[in-house]
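Beneath this line is the structure, given in structure tokens, with notes to follow.
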Amino acid sequence: MDSTGPPRRRALLAGGLAALVGALSACTAAGTPRVAGTAARPEAAAPNATPATPATPDAAFARLMEGNRRWVEGSLQHPDRDPTRRELVAHSQEPFGVVLSCIDSRVAPELVFDTGLGDLYVLRTGGQAVGPVVTGSVEYGPVTGGTPLVFVLGHQRCGAIEAAYKALRDGKDLPGNLRAVQQALKPAYLQVAKEGGTGDPVDRMIRAQIKLTADDLRANADLAPLVRKGSLVVVGGYYSLDTGEVEVLTGAPAGAATPSPAGTGAAIPGPSAHPEPSGTPAPRGTVPMGTMPVGTPS
């Protein structure tokens, strides 16, 4: 068709196209509203979206453990992992948990707990080693946004803790900045060396590091008031590389029950190692640094 046709025909065609584009834009705007400045999920959620963001420690803990049960059973929902969710949280976020875990490539918290975009603040360091920057990053969610849950997640066969254990046992230093990781893990080593016991000493050190880190965070000057008020819990858990299951070691909300392993059909009661009723547990320090020769094996 000759595009240089009569002016009247060209004007009619241009007007028709403009009307069509306007109508399509109106339909799109009506069908896919944008939500700016909020991380709350829309009422008409996508099929793979999870319920509303947990607002209490109990609800947040339950959400994580339900997600881990799905991971163990292979019945994953992969919630909130689509462009709609990406757009929804682009301008603000409301994570319901902070997870401090190891850098291990096999322990990705978003997968282990079957969560989605905008659900968790995640920090990962070798052996859950902490320092001022890491602690400050953990504090960020609870202090500035009311995040109700902090979860310290250690794991089976942790390479960082094994390396630190062997170096401390042999009285040697790991190379470079790995020495800082070694020093951060030293209190767990000293506790295991002092207590003795049977079984794999590296695995006992992994569990000690989880508990000590959770205790330290729970007693933190900025987090302890939130724990006492009941608006925050600090939980420590051990992830099995073999089964995918997270075993809760310390700090589960009072009265909470963790899901049972797949197929057992029974709930596992929450651990007895809860904080004291005041909400402020004894801080790390029951095994003072240097009370035992570094080279003493457990």
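The values are calculated or read from the model by the stated rules, or taken from the named source; none is laboratory data. Only a predicted model underlies this, so the values are computations on that prediction, with no experimental measurement involved. Note that we place each Cβ from the backbone using ideal geometry, even for glycine, and neighbour counts take in every protein chain shown. The protein model used for the area step is the full one, side chains on, heavy atoms only, and it has no ligands, DNA or RNA in it. Shrake-Rupley method; radii C 1.70, N 1.55, O 1.52, S 1.80 Å.
At pLDDT 95 or above, assigned to a loop (DSSP other than H, G, I, E, B) and more than 19 Å from residue 123 (Cα to Cα): does that describe residue 231? Step through it out loud before you land on a result.
Working: at pLDDT 95 or above: yes; assigned to a loop (DSSP other than H, G, I, E, B): yes; more than 19 Å from residue 123 (Cα to Cα): yes.
When the stated conditions are applied, residue 231 passes them.
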- Item | Matching entry among 255, 270 (being exposed (fewer than 14 other Cβ atoms within 10 Å of the Cβ) and either charged (D, E, K, R) or at pLDDT below 85 (or both)) | 255
- Search the range 49-77 for residues that are modelled with pLDDT under 95 and pair each with any residue that is open to solvent by 70 Å² or more (accessible area, probe 1.4 Å) when their beta-carbon atoms are under 6 Å apart and the residues are at least 6 apart or on different chains. 53/94
- Query: Taking the condition touching a Lys or Arg at 6+ places or on another chain (Cβ under 9 Å) and surrounded by fewer than 23 Cβ atoms within 10 Å (Cβ to Cβ), does residue 200 pass?
  - Reply: no
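Yes or no: residue 202 β-branched (Val, Ile, Thr), touching a residue at least 24 places away in the same chain (Cβ under 8 Å), farther than 20 Å from residue 168 by Cα and assigned to a helix (DSSP H, G or I)?
Values: β-branched (Val, Ile, Thr): yes; touching a residue at least 24 places away in the same chain (Cβ under 8 Å): yes; farther than 20 Å from residue 168 by Cα: no; assigned to a helix (DSSP H, G or I): yes.
Considered against the rule, which asks whether it is β-branched (Val, Ile, Thr), touching a residue at least 24 places away in the same chain (Cβ under 8 Å), farther than 20 Å from residue 168 by Cα and assigned to a helix (DSSP H, G or I), residue 202 comes out as no.
Select from the range 59-72 the residues that are open to solvent by 90 Å² or more (accessible area, probe 1.4 Å) and under 19 Å from residue 214 (Cα atoms) and list them in ascending order. Explain how you work it out, then say what you get.
Taking the range 59-72 as the starting set, the residues that turn out to be open to solvent by 90 Å² or more (accessible area, probe 1.4 Å) are 66.
Answer for the range 59-72, where residues must be open to solvent by 90 Å² or more (accessible area, probe 1.4 Å) and under 19 Å from residue 214 (Cα atoms): there is none.
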- Query: Would the range 209-216 turn up any residue that is assigned to a loop (DSSP other than H, G, I, E, B) and either at pLDDT 95 or above or among the acidic types (Asp, Glu) (or both)?
  - Reply: no
- Task: Determine if the range 23-43 includes at least one residue that is in a helix (DSSP H, G or I), surrounded by fewer than 18 Cβ atoms within 10 Å (Cβ to Cβ), among the aliphatic types (A, V, I, L, M) and modelled with pLDDT of 50 or more.
- Result: no
